[in-house]
1. Could you sort 227-233, 314-320 so that the peptide with the highest average Cβ count within 10 Å comes first and the rest follow in order?
2. Lysines within cross-link reach of K298: Cα-Cα under 16 Å, excluding same-chain residues under 8 positions apart?
3. Just in segment 106-198: which chymotrypsin sites (Phe, Trp or Tyr not before Pro) are loop by DSSP and have at most 12 other Cβ atoms within 10 Å?
4. Among T193, T276, which comes first, second and so on when ranked by fewest other beta-carbon atoms within 10 Å?
5. Dipole of the chain, Cα-centred, from +1 at each Lys and Arg C-beta and -1 at each Asp and Glu C-beta, to the nearest 20 debye?
6. What ranking do H189, H179, H152 get, fewest neighbouring Cβ atoms within 10 angstrom at the top?
7. Among P296, P119, P183, determine the one that fluctuates most according to a GNM of the chain built with springs between C-alpha atoms less than 10 Å apart.
8. Post the alpha-carbon centroid distance, segment 109-181 to segment 16-55, in whole angstrom.
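Just so it is clear, none of the values below were taken in a lab; they were calculated from the coordinates. Model, not experiment: these values are computed from the prediction. Reconstructed Cβ throughout: ideal geometry from the backbone, glycine too, with neighbour counts over all protein chains shown.
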Amino acid sequence: MERIKLKGGSLAGTYHCIDKGFSFIRKQVSLTENREFGFYRWFSQLKKLQRLGRMFPELFPKVIGIGLEGGMSYFDLEFIENSVTVHEFLTKNPSPKDVERLFSELVRTMDILHSVKMPSFVGGFELYIDQEVSHALSFCMDEPAFRQFAEHKKIVFNGKEIPSLLHRIEEFQKLAAKHYVKPEECLTHGNITLENLLYVPSKNRIVFIDLYEENYIDTVWNDYSQIAQSSNSLYELYNKKTPIVKRNSVTAEVEYSPGLAAFNKLFQKFLQDKLTPDERVLTSLYEVSQFTRMLPFKKTIAKDKMILFYALASELFDQITKHD
């Protein structure tokens, strides 16, 4: 069997496999190494794919096999022919018309998933903030370089001085409590960055991949914030950079591609038109949290990125407080 390693899956390997002319995707993970961030998340992704794939077969790749192999567990997915990630498509700078076509289809598919709603509770969002902001930062404080950087009252990100988020957690909590006025949950992707969406241009088809279950609370604003994580905060572009850290300063310059910028313009208008003022603030707070919640994971696999994404989270929160 031929295997071609694909991007993504820092702890779970993803492969394009070809067996006797049959193509499929295999996601495999160690049964013993980093089980919390590896096997448990791999397994929750599998179960979510099975459930949502049954409900919305047009939106998700089919699970076609599960097994064990040499100390690894794996599941196999159908191979989506002629597909690229949405991020890859946009960074190749398609025409404005093609960006609009993709964007409209993404909105349509998200609306299908988000249409299944359920009541929720204020405490769910409090739990999310406690775990994905407060606890995530506390978990990283035994990393000396990170602690030294975060404890500065002011930090400098790409030449701009901003308050360090560590000293503003109470402010974050109060802002969240002020704006979380409509507790409601729905079915979500859970990790809907632009790299976790496949696009088939010839069919104008969106396929959701690399789902995530451990969100504490499933809201449409969380999903929207993960789109913004890619298109507005440029996560994938920053993640390819090696940051330069000097005392309380971190630098990592990225270039905004025209296709990505065009998409983000459409997305920001969509948020402005669709969401209430409270919901827009919530989406922005969630966007901050996307970069704090990843810090324990980065601590495990990419310590050089911890300070970079902490600084980015600090800047995003500072922007919110200036407009609230």
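1. Result, highest mean Cβ count within 10 Å first: 227-233, 314-320.
2. Within the straight-line limit of under 16 Å, K298 reaches these lysines: K240, K241.
3. Answer by residue number: F121.
4. T276, T193
5. 440 debye
6. H152, H179, H189
7. Looking only at P296, P119, P183, the largest GNM fluctuation is found for P119.
8. 29 Å
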